[in-house]
Amino acid sequence: MAHKFSFYNTLKRDVEEFIPREDGKVSMYTCGPTVYHFAHIGNIRTYIMQDALIKALEYCGYDVKRVMNITDVGHLSSDADTGEDKMLAGAKREHKTVMEIADFYTKAFFKDFDAVGNKRPDVIEPATNCIPEFIHMVETLLEKGYAYVAGGNVYFDTSKLEDYYVFSSAIEKEQLAVGVRDDVEEDTAKKNKTDFVLWFTKSKFEDQALKWDSPWGVGYPGWHIECSCISMKHLGEFIDIHCGGVDNIFPHHTNEIAQSESYLGHEWCKYWFHSNHLNDRAGKMSKSKGAVLTVSVLQEKGYDPLVYRFFCLQSHYRKPLEFSFEVLDNTVTAYNNLVKKVEALIASDETLKALSEKCKQDKASEAAEATDVAQVLEAIRNSADVDQNVKKEFEDKFADAVSNDLNTSMAITLLYDVLKADTNAATKLALVDSFDKVLSLDLIGHALADDSADIDPELEVYIKDAIERRAAAKKAKDFATADAIRDELLAKGVEIKDTREGVKWTLI
Ligand code: AMP
Ligand code: ZN
């Protein structure tokens, strides 16, 4: 039996108990990135909170299948079908083809997505893979009378719906209607201001790079249609949870519901999970604002991506979160303190201590039969010293926290409670490991990798600074300086290595 689970359902404007269609099983759809630029740390906040939701559901006994799209066509610079195609703008900016842009930024996205401890969705589907499915849905909507052709495009006719603004209260509906009436941008082909494009034809952009044959002329799909189709392709006619950032509520998710339910003839998705934005001091972070702060940039500056995850998990997903380097620096200190506490726990257990020392030595000497972190984890999981009653008590509290509208900050408080608790090291470590199924902070892995225990703090500051200077030199293509910094470090007994997870250093 799965644990009772509740979260805020935007459709009901309230925290609701989650009841999936099939007992214990969850089908979930996530709006993926538009791959015309790097995903900034705000976008990644959204994916971290979704990852926490999935893992919390799994912790509570649900089996989750998750599908995500990659938007590589059709998303215009305004979500309301006006402006330029974002992918085309990216290609022009970088003098590359649209597919090169899509490929490059998809890879960059997943590098950062993985680095913050996220689990990949079960299915990842680029929009350009599904053109026949889009055409089929548009054809059906035309046949059913929910769509019309005008000015070369196919539009969804929102006047055919009794309730178009499904996410809004009565007052908000009034305000939205006024907002739409006052909208200055006018598409004269639309019958109603709220109508949206299902299929663009060549009438919109002559220089559109990606276009396909369709019954309505050569063209390309609108942005909203892709999520409806990709979700149905892999999850069928019903989904339990649809996720996105709050900016997706209107018009994107509103339009997804309009077309999906008109096409299917029944309710499509019962629960809508929206996470709030990350802002910097200047306001909402945005890809189109110029310099993009990414997880990779944080890494280049010497921050561990999991510290950023820790930063996100400390606040509630429904609240806006302000980013600053001061707060991130405090998070680094808090994270390192946790690692040290876990290290001390490992050191207090004879078996684990021996294993962990072997682990560190093997790593330093790159021994062929390296003691894997997995071996230490196995020892923690199988330890006979764990007090099962205490473990169960804390695990229940943890499940209560994460199932209560995804209270991740409470989950972290419980982690501190465990470390302070009046119980033995084996039990504490077993709980740190258990909580990590949701938190994914890898404290044990970091404790095993931590070779800074006896290092002089001044040397540590120097190493971090040198790594930053080297990254800056490499960025400026000044490889001579970068190499000189590497040699300077070597002369001080510090070896650095560039790895997929960033720059790693060891004392030699
Ligand atoms: P995009 O690639 O622009 O389609 O956005 C990818 C995801 O990031 C979407 O679910 C957005 O809702 C979300 N998002 C966009 N801006 C922010 C932000 N500043 N903070 C958090 N999430 C965001
Ligand atoms: Zn979507």
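Read through the list (1) over 23 Å from M28 (Cβ atoms); (2) within 16 Å of ligand 1 (Cβ to nearest atom), then give the number of the only condition that H274 fails. (1) is the only condition that H274 fails.
Of I48, I135, I124, all but one fail to be in contact (Cβ under 8 Å) with a residue 60 or more places away in the chain, closer than 30 Å to F323 by Cβ and not in a strand (DSSP E or B); the exception is I48. Within the stretch 351-369, restricting attention to residues that are at pLDDT 75 or above and aliphatic (A, V, I, L, M), which residue is surrounded by the fewest Cβ atoms within 10 Å (Cβ to Cβ)? The residue in question is A354. Within the stretch 76-89, identify whether any single residue is open to solvent by 20 Å² or more (accessible area, probe 1.4 Å), in a helix (DSSP H, G or I), aliphatic (A, V, I, L, M) and modelled with pLDDT under 95, and answer yes or no. For the stretch 76-89, residues open to solvent by 20 Å² or more (accessible area, probe 1.4 Å), in a helix (DSSP H, G or I), aliphatic (A, V, I, L, M) and modelled with pLDDT under 95: present. Where strands (runs of 3 or more DSSP E) fall wholly inside the stretch 229-285, the ranges with 2 or more residues that are open to solvent by less than 50 Å² (accessible area, probe 1.4 Å) and at pLDDT 95 or above are 239-245, 269-275.
For T413, the criteria (1) loosely packed, with under 15 Cβ neighbours inside 10 Å; (2) closer than 19 Å to W505 by Cα hold in every case but one, which is (2).
For the stretch 395-407, residues that are in contact with a Leu (Cβ under 8 Å, 6 or more places away or on another chain) and buried (at least 23 other Cβ atoms within 10 Å of the Cβ) total 2. Cβ-Cβ contacts under 8 Å between residues 6 or more apart (or on different chains), taken from a first residue in the stretch 241-256 that is without any contact (Cβ under 8 Å) to a residue 24 or more places away in the chain and within 12 Å of ligand 1 (Cβ to nearest atom) to a second residue that is aromatic (F, W, Y) and outside any helix (DSSP H, G or I), are absent.
Might you check whether a residue that is more than 20 Å from I44 (Cβ to Cβ) and acidic (D, E) occurs anywhere in the stretch 89-106? Yes: one or more hits. Mind checking which residues of the stretch 90-115 are among the hydroxyl-bearing types (S, T, Y) and surrounded by 15 or more Cβ atoms within 10 Å (Cβ to Cβ)? Those that are among the hydroxyl-bearing types (S, T, Y) and surrounded by 15 or more Cβ atoms within 10 Å (Cβ to Cβ): Y105, T106. Taken over the stretch 314-328, the criterion of being closer than 18 Å to I412 by Cα and assigned to a helix (DSSP H, G or I) is satisfied by V327, L328. Among the residues of the stretch 268-281, are any aliphatic (A, V, I, L, M) and away from ligand 2 (no atom under 14 Å from the Cβ)? Yes, the stretch 268-281 has at least one match. How do the pairs read when you match residues in the stretch 474-500 that are within 13 Å of Y462 (Cβ to Cβ) with residues anywhere that are of a type in the set (V, I, T) and open to solvent by 70 Å² or more (accessible area, probe 1.4 Å), using Cβ under 9 Å and keeping only pairs 6 or more apart or on different chains? Short answer, once both residue conditions are applied: G493/I508; V494/I508. When G32, G42, G61 are checked against the criterion of being near ligand 1 (Cβ under 10 Å from one of its atoms), assigned to a loop (DSSP other than H, G, I, E, B) and at pLDDT 95 or above, G32 stands alone in meeting it. You will find that of L306, L352, the residue that is more than 16 Å from ligand 2 (Cβ to nearest atom) and under 18 Å from the mean Cα position of the chain (by Cα) is L306 and no other.
The values are calculated or read from the model by the stated rules, or taken from the named source; none is laboratory data. Just so we're clear, the structure is a prediction, and the values are computed from it rather than from any experiment. Backbone-built Cβ (ideal geometry, glycine too); neighbour counts: all protein chains shown. The area values use the complete protein model at the heavy-atom level, side chains included, leaving out ligands, DNA and RNA. Shrake-Rupley method; radii C 1.70, N 1.55, O 1.52, S 1.80 Å.
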